[in-house]
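The values are calculated or read from the model by the stated rules, or taken from the named source; none is laboratory data. Keep in mind it's a predicted model, so treat the numbers as computed, not measured. Here the Cβ positions follow ideal geometry from the backbone for every residue, glycine too, while neighbour counts run over all protein chains shown.
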Amino acid sequence: MNDQAVRTRFAPSPSGQLHVGNLRTALFNWLLARHHRGEFVLRIEDSDAARSDAGRIERLQNDLEWLGLGWDVGPGIGAPADWQQSRRADLHAEAAERLRHRDAAYYCFCSTERLAALRDRQKQAGHPPRYDGCCAGLDPVHAAQRVAAGESAVLRLRMPDEGTIRFTDAVRGEQSFRAADLDDPIIQRADGSAAFLFANALDDALMGITHVLRGEDHLSNTPRQIVLLERLGQSVPVYGHLSLVVDDQGAPLSKRRGAPGVHDLQDEGARPAAIVNYLARLGNPVPADALESLDALAADFDVARLSRRPARFDRRQLDYWQSLAMAAAPVASLRPALQVDCVPDDRITAFIQLVQPNLRAADELNDWAIRLFAPQSVLDAALADRLRPLGAAFFETLIRVLESAPTDDWKPLRAELEGATERRGGALMKPLRRALTGLDHGPALGDIIHLMPADIRRMRLQQAASIAASGADTDA
Ligand code: GLU
């Protein structure tokens, strides 16, 4: 394959926010283009004017940019008619006319009532709904006269009556469809606008798209689109149909069924690197288990490896990548999220570096800042109950050792704490961590102790000691 020639596209309809399934489609097309140093087009399929507006296009644009998926042609790059489907109506109409003149398409005057009755009959007979070709045999000259006289008609593509339409799907392998099973699709509506199937394939051809990766829900459109492009003498792109992304119940992801959209993920504080690394592995066996840049993912991308089985969206996996992305985030990118002012300036960097692997979202910095630096209690009632049986003397010993021993070397400090309290391992560390941070988990305890100001450590341990001292009364 000539690398330079590869041109992929993502072609969303701007009808709502992108969910993780659409994002994966965008990402795979982007990775394929970048792998071949080709071009990536962002085409906005907004022909269905009722559902699109400028605000939606802008949001879509921001979302993809946020993920790092820039485009070579699309909003902001190239004339609108190069990427915005609603601006291409003339091209669509002209191609439809050409098909009709060649008798590859014909006017259909069937009323919606007739078509509905036809579908009902087919349904009752247990057949799939399909157009019966009622208008396929009309005299084209006469049909054109009826339309010129004001009669309403759609334009249908004339599919072959027999034979097989074959193509090699880049993901699913050899595909074949019996022509007899495929009815004649509408390519132009009665108002003259292009139907999805038509505008979509035609724009791919006119934009020089070489590879189309899209959801497998479009697989049944493909043989019709191939016939369409062949009738127009246009070249047919390589199609690859991606398995759907499904939820825990095996149902395709949709916003309606609660699939997170890109804005939900943004609101939760998800980092682009986490989303990209997770999605890149969804139905795609990326060998590396470490966070990778988009460029590294692109270098490795191979359509032939994509899975044909549905990919299950797994929240915990996304959380895992989020924790890696948080750990890898530059301190400066997290710093603005720190809004509380209890962390001394000279410890802010060390503080962020220490807690960042424990963050799910950057604003959790504030909670950690309070736990490690603010002179206020961080113990909840349940943890206080667990500290009580240890007795006040235990915490008083901890205070004494921590006041006298250096805190910059954890091993000797730990040995000293163990010796003084006669507790080892978890029996020492767990209550100490709980008393200091009010939590059971977090960064390494030695680092916490070293970073916390001495007066805050003392305050926390004194509070634990007084809770433990009051224990005898309350337990009695
Ligand atoms: N606008 C279509 C969609 O969002 C594009 C399908 C395709 O990628 O060909 O489903």
(request) Inspect all residues belonging to the stretch 262-285 and state whether any of them is within 15 Å of the ligand (Cβ to nearest atom) and at pLDDT below 95. (result) yes
(message) Just checking, does the stretch 198-211 include any residue being within 12 Å of the ligand (Cβ to nearest atom), more than 30 Å from ASP319 (Cα to Cα) and assigned to a strand (DSSP E or B)?
(response) yes
(request) Out of the residues in the stretch 185-197 that are crowded, with 17+ Cβ neighbours inside 10 Å and free of Cβ contacts under 8 Å to residues at least 60 places away in the same chain, state the one that is farthest from the ligand (Cβ to nearest atom). (result) PRO185
(request) Quick one: in the stretch 414-441, of everything that is crowded, with 19+ Cβ neighbours inside 10 Å and hydrophobic (A, V, I, L, M, F, W, C), which residue is farthest from the chain's Cα centre (by Cα)? (result) LEU417
(request) Can you confirm whether the stretch 254-261 contains a residue that is of a type outside the set (A, V, I, L, M, F, W, C), within 20 Å of the chain's Cα centre (by Cα), more than 16 Å from the ligand (Cβ to nearest atom) and surrounded by fewer than 19 Cβ atoms within 10 Å (Cβ to Cβ)? (result) yes
(request) Tell me which of these LEU115 doesn't satisfy, since it passes every other one: (1) touching a Phe, Trp or Tyr at 6+ places or on another chain (Cβ under 8 Å); (2) at pLDDT 95 or above; (3) within 16 Å of the ligand (Cβ to nearest atom). (result) (3)
(message) Going residue by residue through the stretch 43-50, is there one that turns out to be surrounded by fewer than 20 Cβ atoms within 10 Å (Cβ to Cβ), of a type in the set (Gly, Ala, Ser), within 11 Å of the ligand (Cβ to nearest atom) and touching a residue at least 12 places away in the same chain (Cβ under 8 Å)?
(response) no
(request) Name the residue, out of ASP289, ASP295, that is in contact (Cβ under 8 Å) with a residue 24 or more places away in the chain and among the charged types (D, E, K, R). (result) ASP295
(request) Collect the residues in the stretch 180-197 that are in contact with a helix residue (DSSP H, G or I) (Cβ under 7 Å, 6 or more places away or on another chain) and part of a strand (DSSP E or B), keeping them in residue-number order. (result) ILE187, GLN188, ALA194
(request) Could you check how many residues of the stretch 329-361 are of a type in the set (Gly, Ala, Ser), surrounded by fewer than 18 Cβ atoms within 10 Å (Cβ to Cβ) and under 20 Å from the mean Cα position of the chain (by Cα)? (result) 1
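Residue-by-condition table, conditions (1) within 16 Å of the ligand (Cβ to nearest atom); (2) touching a residue at least 60 places away in the same chain (Cβ under 8 Å):
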residue: GLY21; (1), (2): yes, yes
residue: GLY38; (1), (2): no, yes
residue: GLY74; (1), (2): yes, no
residue: ALA95; (1), (2): no, yes
residue: HIS127; (1), (2): no, no
(message) Can you report the number of residues in the stretch 212-253 which are within 15 Å of the ligand (Cβ to nearest atom), among the small types (Gly, Ala, Ser) and under 28 Å from TRP66 (Cβ atoms)?
(response) 3
(request) Select from the stretch 253-278 the residues that are in a helix (DSSP H, G or I) and hydroxyl-bearing (Ser, Thr, Tyr) and list them in ascending order. (result) TYR278
(request) Would you please list the contacts, defined by Cβ atoms under 8 Å and residues six or more apart or on different chains, that run from a residue in the stretch 214-236 that is within 19 Å of ARG102 (Cα to Cα) to a residue that is within 13 Å of the ligand (Cβ to nearest atom) and of a type in the set (Phe, Trp, Tyr)? (result) LEU228/PHE198
(message) Suppose we filter the stretch 133-160 for residues that are farther than 20 Å from PHE198 by Cα and not in a helix (DSSP H, G or I); how many remain?
(response) 7
(message) I'm checking my understanding of the structure. Among residues of the stretch 3-19 that are aliphatic (A, V, I, L, M) and buried (at least 22 other Cβ atoms within 10 Å of the Cβ), which one is nearest to the ligand (Cβ to nearest atom)?
(response) ALA11
